[in-house]
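First up is the structure itself, then whatever we jot down about it.
The values are calculated or read from the model by the stated rules, or taken from the named source; none is laboratory data. All values derive from a computational prediction rather than experimental measurement. Using ideal geometry, Cβ is built from the backbone for each residue, glycine included, and neighbour counts are taken over all protein chains shown.
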Amino acid sequence: MRYDLDDLRLFLHIVTEGSITAGAHRMHLSLPSASARVRSLERHAGVALLIRGRRGVRPTPAGTTLARHARDVLAQTARLESAVASYTRPPTAPLTLLGGSSVMHWLVPQALVSFLRAHPEVDVAVSESRTPRTVRLLADGAADLGVVVDDEVGDSGLRMEPLGDDSLVVIGQAGGILSGRTALTYREVAEHPLVGLDAGTALRRWIEKRLGPHAPVARHRTTVADLNLLIALAAAGVGLAVVPRRAIDLHHPLDVCELAEPWARRHQMLAWGTKARTSSTAVAALAEQLRHTALSEPPPPGGRGGSGRPGHFADGRPNG
């Protein structure tokens, strides 16, 4: 037997409302037309679907079964229509989001999960980019949003707002050479073997620019492209590392010390591009999700200090 989708919708409305009249109203049908459709369903089914009474109607066991399956059929039909309709919509260019390596480690992935789930019609192109390049692309209208470091923004004229702390700290194996230390200068850090990010990464280039030409010569036992791997190497005792405080995960047993350099205190800014669509709903929604993710992040754990407790520096002080 073939079922008409409108008949199924009508039947569900009648069962939900407990009234043929109310179901007909929700389908914008006259009462005689709705009654005729129900009788046609019952005739094709060969069994009564509704028990009619003075105060309305209620489904028979067969009607209850029909209603349950009708809900499934209509839900599947809605998903089918949505999937096919996605191919008929005019293609739109994806939003472009830029940021440095530290935000690509925690902020951007978490924000994207929530945003893309909530906005299935919007695509986002994400690229790692140093602040000077990000500012230039935003000013040229080649990107929609960027997460930049405050001390490299300059007088760009872009719309910006504070987003969160991105200060740097020194990490090493729990109970290792950082044990009992509260802070180190970079010169002291460089006296020990290091592990670092690859030379082309945004954070590595940012640090080298601050160190200048007279920086102490450091021995890097290895360099990697990923912050997760860098932190894991430091936790394993391969060498010390300089990383953003908020990149540290509680699962790594680490000693954490302040990096006693003025340039280690830095903050992230959310910047908007200049092209017209930066005022669009999608861009505003992505900006809001980045803002929400940054603000809702728990206090940075800072690894496990020498005391063995999470969220403490090497001397046992809370690092929050």
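Going through the stretch 162-174 one residue at a time, which ones are under 13 Å from Gly239 (Cα atoms) and part of a loop (DSSP other than H, G, I, E, B)?
Of the stretch 162-174, the ones under 13 Å from Gly239 (Cα atoms) are 170-174.
Across the stretch 162-174, the qualifying residue is only Ala174.
So which of Arg58, Arg9, Arg39, Arg54 ends up being over 30 Å from His119 (Cα atoms) and touching a residue at least 40 places away in the same chain (Cβ under 8 Å)?
Numbers: Arg9 fails: over 30 Å from His119 (Cα atoms); Arg39 fails: touching a residue at least 40 places away in the same chain (Cβ under 8 Å); Arg54 fails: touching a residue at least 40 places away in the same chain (Cβ under 8 Å).
Sole residue among the options that is over 30 Å from His119 (Cα atoms) and touching a residue at least 40 places away in the same chain (Cβ under 8 Å): Arg58.
Take the residues of the stretch 189-208 that are among the charged types (D, E, K, R) and under 30 Å from the mean Cα position of the chain (by Cα): which is surrounded by the fewest Cβ atoms within 10 Å (Cβ to Cβ)? Walk me through how you get there before you give the answer.
Going residue by residue through the stretch 189-208, those that are among the charged types (D, E, K, R) are 191, 198, 204-205, 208.
Okay, now just the ones that are also under 30 Å from the mean Cα position of the chain (by Cα), so 198, 204-205, 208.
Working: Asp198: 15, Arg204: 18, Arg205: 16, Glu208: 13.
The qualifying residue surrounded by the fewest Cβ atoms within 10 Å (Cβ to Cβ) is Glu208.
Could you name every one of the helices (runs of 4 or more DSSP H) located completely within the stretch 175-259 that has at least 3 residues being closer than 21 Å to Trp106 by Cα?
Working: elements: 186-189, 202-211, 227-235.
Result: 202-211, 227-235.
In the list Arg291, Arg219, Arg265, which residue meets the criterion of being over 17 Å from Ser102 (Cα atoms) and modelled with pLDDT under 95?
Details: Arg291 fails: over 17 Å from Ser102 (Cα atoms); Arg265 fails: over 17 Å from Ser102 (Cα atoms).
Among Arg291, Arg219, Arg265, only Arg219 is over 17 Å from Ser102 (Cα atoms) and modelled with pLDDT under 95.
Applying the selection to the stretch 209-257, what residues are crowded, with 17+ Cβ neighbours inside 10 Å and in contact with a Phe, Trp or Tyr (Cβ under 7 Å, 6 or more places away or on another chain)?
Passing the criteria: Arg246, Ala247, Val256, Cys257.
Take the stretch 1-26 and flag every residue that is farther than 21 Å from Arg55 by Cβ and of a type in the set (A, V, I, L, M).
Within the stretch 1-26, Met1, Leu5, Leu8 meet the criteria.
Looking only at the stretch 181-216, which residues are of a type outside the set (D, E, K, R) and over 30 Å from Leu98 (Cα atoms)? Even if it seems obvious, please write down each step before you answer.
Pass one, the stretch 181-216, residues of a type outside the set (D, E, K, R): 182-186, 189-190, 192-197, 199-203, 206-207, 211-216.
Within the stretch 181-216, Thr182, Ala183, Leu184, Thr185, Val189, Ala190, His192, Pro193, His214, Pro216 qualify.
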